[in-house]
Each structure stands twice: as C-alpha cells, then as structure tokens.
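Worksheet for the structure shown next.
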Amino acid sequence: MSALPSQALTPALSVRDLTTTFVTSAGRVTAVDNVGFDVFPGEVLGLVGESGSGKSVTLRSIMRLIHAPGVVGGSVLWQGRDLVTMPERELRRIRGAEIAMIFQEPMTALNPVLPVGLQIEENLKAHTPLDRAGRTKRALELMDLVGIPEARRRLSDYPHQFSGGMRQRAMIAISLASNPKLLLADEPTTALDVTIQDQILKLILELKRELGMSVVFVTHDLGVVAATCDRMAVMYAGRIVETGEVASVFAKPRHAYTRGLLGSVPRSGAERTMLLSIDGTPPSLAAIPPGCPFNPRCSFATEVCRTVVPPLDEVSPARLAACHHHDRVAAAGSPVA
Amino acid sequence: MMIPMNDTVISAEEVSKQFTLPQTMSRRLRGAPQLAVNALNGVNFTLKRGETLGIVGESGCGKSTLARVLVGLLDCTEGKVMFEGNDIAYLRGNARRSYNRRVQMIFQDPYSSLNPRMTVRQVLTEALHVHRMRPRAEIPGRIAELLDLVRLPDDAADRYPHEFSGGQRQRIGIARALAVEPDVLVADELVSALDVSVQAQVVNLLLQLQEKLHLTVVFVAHDLRLVRHISHRVAVMYLGSILEIGPTEALFSTPRQPYTRALLDAAPELDPTHRTTSVAARGELPSPINLPVGCPFNTRCPFAFDRCFVERPLLTERGPMHRAACHLTDFGLAPAAVPPMQTEAVS
C-alpha cells in the first residue's frame, strides 16, 4: 500500500503554479497561491489543512468548478493535456468520466428530487455507450459494489430515504459509473460517524485497488491521512508548505506548521497533558502576513521569516518544505514519534 | 490529579427520556400507540467531585440529551438526576437557583449559542447580575478577571460575538459559564466546531482551568482521541444506553464490550504504520423509534448469540470501577477465547 507502483516516474496528474483568486468586498484574495503537486498512478495523495487553507478550492480548480468572479491560473496536466485551458466541450468528456469527484455533504451534492438509481444512470448515459437496460444493470452492479444492501429496491429510493453513510456510498457509486482513473475526494467522511467513516475509507481504498485509480483525498483529519494516504501535502493560507511520504512526514516534520498540527492532535500515552497547540488563528486570506504566512504563529520564526517568503524546496529526498528553518524544525523532532 | 473516590456530585439513576412524535391521523384512526424517540433508556452513573467524565458515542446515541438532562434543560421522562443527594426535579426556590448556578453548560455551536446583539460585557454582566455574584460596582473588575482567565484580550469586553473567531467565541462561552463560579461544567462537543490547532488551545485551557478552579467536568464528544486525552473516566453510549463505563486507561486498553472495541478500531490513529483493511463495525445505527429487543448493539455485533436478542444486558462489574453491559462477560479478557473481529473488507 505504501510503496509506489513501478511506473511512478510519470505522474497521472501534474499541477503547476495553480493560482485561484476571487474578488471580494475586501479586494482580490488569493485562495490558492502557486500550488504545484503530482499524483502518480495508483497513489493516494492527502491534501491536509485547516478551514480556509485552500484545499477544497484547489480540488475544485483542478476540475474547473470555480465560477466567475473566481479566476484560475497555472496548469493542470492530465495525461499531457492542460485542463485549465481546454475548451469546455472537451473538458466535459474528462470531467465526471476520467476524473470523478465526491463531495463532503452528500445531501447537498445529490439531487433531492431524483431517485438515486436515475442519478447513477445519468452519469452512465453521459459517459458510456450503454443502452437503457445495460445502464440499469450496471447501476445495480455499482450499488452492490459500494455495499448498498437490497440494491434493486433502493434504485428507486430518493436521497432523503438514505442514511448519511448510504448517501456517501451512492455518491461514490455515481462517481465510479464511468470507471474513472482519478478520484478527487473532498472531505468525504467529515460529516459521518466514526464507524461509518471507517467503512467508507476502507471502501474507497478497496475500490482504488480493484479499479487501479489514483485518489486525491482532501481532509483536515491527520488520522485519516495516516490511515489512508501514501503521500501528503500540507496547505496553509493557500500555499503548500510541506509534501512528502506520509510515514516520513509524521516521523520528522520539516515545517513548523506541520509539526504544530501533529502536536495538536491528542494521542495515547499523553493523557491530560498540555497539547502542543499553535497560538493564534489562521490568517484571513484578505490579510496574509508578509514573509512566511505562518510567521506570527510560529515559535521558530526569526527576522527573515517576517520579510522573505520561503520557497517550496527539496529539503531532503522526496520531501519539499517551505520553511527557512526546516533544519531546526526537523531537529526539534516529531510530536507523534 | 487525584480523584476523591467518595464524594459524589451528580448521579443519574435509571434516567430515560422520550420525545414523543406528532401522532399521524392514520395511526390515530387505527388506535396505534403514539410513536416516540427513545433518546435515553435507563442511564446510570455517578460523577465524583473533581473528575472529568468523558461521554462518547456516535450521533443519535443520546449523549447531548444526557448533557441537557444533567443541567436541567430537559426533564427526564423516567428516573432521576440527583445533585448532592437531592432529586433535581423537586428542587424549588433558592435550592433550584443554586443548582442552576453550580451546574453550568457550555454549548457546541459557538455561533448560535451567543446572542448576536449583546456585547461580551452584556453577556457576562447578565450572568453575574442574575445570580447576584458581585455588587454592581465590582462587576467590571470581575469581567476583566474572567477575560484574563480564558485569555481573551481586554478590549474584547465591548465587542460583539461576530467580531470573534470560533475559538474565541468558545472562550466567551467558557467565561460566561465560569462567571457564576460553578462546581460542575457540562461541555457538549466543546471543540468539535473548531480547527485542529485551535481545538488544542481550548483543550489546554480547559485542562488548566479545571486544575485551577477544582471543577468537575462532563465532557461530551464524539472524538475518541479527545475524550481519551481529557477524561479520568469514560462512558460509551449507544442508542441511549451506557454500554461501558470505566477508567480511561482500562477502557481504552482493554475494552470489555464489542461496541467499544469497534469504536476504538474505527477511530483513525496517528500512526501511519498501523493500517488495517478490515472494517471495525458493519451496518448502521438502528432507529431510536423502534429499539432492538435485547442488547441495543445486537444488530451490528459480530458476537451476538441467542440471548442477546431476548435479554437486555445490564452494566455489571468488570474491574475496579469498570463496568460493561454485555452477556459475554469475558469479552476482551482472553483474546484467544473469542473469535476475531469481522475481517470482511467491504460490508
């Protein structure tokens, strides 16, 4: 699960200089700032960050689901083609077909006035050559695949008749209808209870193995990252501040924010002790501090952090970090190791 | 911190709470009984002075209802809640007011639990004034003290809730609860609406305040890691019943109830080297309108046998202060004696 497949050298998805800006009453804000990462075939990449860090907007920008006045810049290379500049007609053949997406709140993502079965068939109709009978048969197979019991009866049920976990399963069935090569999952388990979250996470991993997909997993829960992802990218104030293999980042974080985030999660063996919290709150996107955006909350910060934006550089093999003091952070050790 | 073992502050005895549903015409014509959501079904526990009791469970398990019953926001349908030996349902006048003051609640949602038209000063003044905590002249000084206690800046007093972030609002909620110098704090999902880094700040604050003010805390949450971190004892709830209650360490290291084990297995650990592909618990929560007969967990339990479907297990002793409700009294004791948990990857 953790080892990358042998063809790992050519990424399936390659995001470069992705920048998304919105016009607000406070002026133009940059929600995603020069974000770049690769997703390799068969890999699960975790995109971690707190609310407002730009992780969901990054995902939506990849799929060009950003509406005006939002503006997306940079490039998103999918099998050699740039999704950002591609004509809408061409994009529609990829979106929902080769690249599928599942959302955080399945009740708002599903259409409340259409039966679930019909919503699965809609995707089959748009992206496969199947006829009506074939579509119904495939919809049944998909419902079985994602573990919805009594699939035949539930095809004609409406989303409100499903529980939260079952709605998320239905949404996964819709996204899988076209045999996607890449699944973008935007906090798919945040609204669910822990035993149901566990079921859905295991289901996504199982399907990933069976269908050979890559997955980009947006989450704020480092536990979910530890349990599911191969590599992770940590976002703060619209930028990626650290990327690397999950085990290695957990063992030796090289950005002060990653370290603080790991320390903020309660862990066993340290009951009723002070957590290593991060002071202050994440900055508003309209007022990102100069220099490193994390500097006002950072205990490692020095003068250079307040003036110079640290570049995202390779600081050790397969590890990128945007921190002037990554050596000191690494030397301070991991709060979870 | 030492927990005094004998001093019970609050105890719940066979507490049940039903919320009746509106009767439909067709059911009335058929003479069918009125439907009700069984939010709590015979909950028993005691809360010792100075301890933190964590209450965990998934949504719909009745943990928030229990919190509200404890502070007297809801009356229980059956059973009773005792505060220092008196049934709270029969408290009147000064005794009632004193209980209301001494048992305080902090709510889940920092956005809807503060009046948007009142400044922080007005919120705190109201609390101090209603319970006659301080003469009028001393109120401004006390407000400054309270803000300092929860580490809010001094100029916070004359601002409105919308000017604060979620973490700061939760601090205002804590300051409001502490203004009346309570003995017991009931915190319902205190930090679940907050970001991880801010969560840690509020958790640290709560730990410090408890130490400083000798508070007894009921910490209701769905996040097991958090409950484990903060509690001396933990109660696991499922469908309105406590299935297991015991000292945190014992309960987390050797869960004696299959649901507790499933819950622990399902919670993602911060350790990338420990991964499983097996699902911790199959199925979903049954409806609280039609409770399963027998053990509430029998619809999902991989170990359920005949008896579980006819007889509801009671909380019985499993160790020092450790009780569990399961017919398999040796569950969790000898791992070889019980079959391994379900290893199906997809249910």
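Tabulated results
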{"item": "Complete set of residues in the stretch B:33-74 that are within 12 Å of the chain's Cα centre (by Cα) and among the hydroxyl-bearing types (Ser, Thr, Tyr)", "result": "B:52, B:59, B:64, B:65"}
{"item": "Sole residue being open to solvent by 10 Å² or more (accessible area, probe 1.4 Å) and either within 14 Å of residue A:121 (Cα to Cα) or out of contact with any Gly (no Cβ under 9 Å at 6 or more places or on another chain) (or both), chosen from A:155, A:176, A:184", "result": "A:155"}
{"item": "Selection status of residue B:322, out of contact with any Cys (no Cβ under 9 Å at 6 or more places or on another chain) and not hydrophobic (A, V, I, L, M, F, W, C)", "result": "yes"}
{"item": "Cβ pairs under 9 Å, 6+ apart, first in the stretch B:238-257 and free of Cβ contacts under 8 Å to residues at least 40 places away in the same chain and charged (D, E, K, R), second in a helix (DSSP H, G or I) and open to solvent by 30 Å² or more (accessible area, probe 1.4 Å)", "result": "B:249/B:228"}
{"item": "Of all residues in the stretch A:196-224 being assigned to a loop (DSSP other than H, G, I, E, B) and within 13 Å of chain B (Cβ to nearest Cβ), the one that is most open to solvent (accessible area, probe 1.4 Å)", "result": "A:220"}
{"item": "Cross-chain or 6+ apart pairs with Cβ under 7 Å, the stretch B:48-67 first and of a type in the set (A, V, I, L, M), then assigned to a helix (DSSP H, G or I) and modelled with pLDDT of 95 or more", "result": "B:55/B:66"}
{"item": "Some residue of the stretch A:30-53 being open to solvent by 10 Å² or more (accessible area, probe 1.4 Å) and within 14 Å of chain B (Cβ to nearest Cβ)", "result": "yes"}
{"item": "Test result for residue B:308, over 30 Å from residue A:230 (Cα atoms) and assigned to a helix (DSSP H, G or I)", "result": "yes"}
{"item": "Wholly within the stretch A:225-328, helices (runs of 4 or more DSSP H) carrying at least 1 residues that are among the small types (Gly, Ala, Ser) and within 14 Å of another protein chain (Cβ to nearest Cβ)", "result": "A:246-251, A:256-264"}
{"item": "Cβ pairs under 6 Å, 6+ apart, first in the stretch B:275-296 and more than 13 Å from every other protein chain (Cβ to nearest Cβ), second of a type in the set (Asp, Glu)", "result": "B:294/B:311"}
{"item": "Qualifying strands (runs of 3 or more DSSP E) (wholly inside the stretch B:1-87; at least 2 residues being acidic (Asp, Glu))", "result": "B:8-20"}
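Matching residues to (1) open to solvent by 50 Å² or more (accessible area, probe 1.4 Å); (2) at pLDDT 95 or above; (3) outside any helix (DSSP H, G or I); (4) out of contact with any strand residue (DSSP E or B) (no Cβ under 8 Å at 6 or more places or on another chain):
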| position | (1), (2), (3), (4) |
| --- | --- |
| B:127 | no, no, no, yes |
| B:134 | yes, no, yes, yes |
| B:138 | yes, no, no, yes |
| B:168 | yes, no, no, yes |
| B:201 | no, no, no, yes |
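The values are calculated or read from the model by the stated rules, or taken from the named source; none is laboratory data. Since we're looking at a predicted model, the values are computed, not measured. Note that we place each Cβ from the backbone using ideal geometry, even for glycine, and neighbour counts take in every protein chain shown. When the accessible area is computed, the model is the full protein with side chains, heavy atoms only, and any ligands, DNA or RNA have been set aside. Shrake-Rupley method; radii C 1.70, N 1.55, O 1.52, S 1.80 Å.
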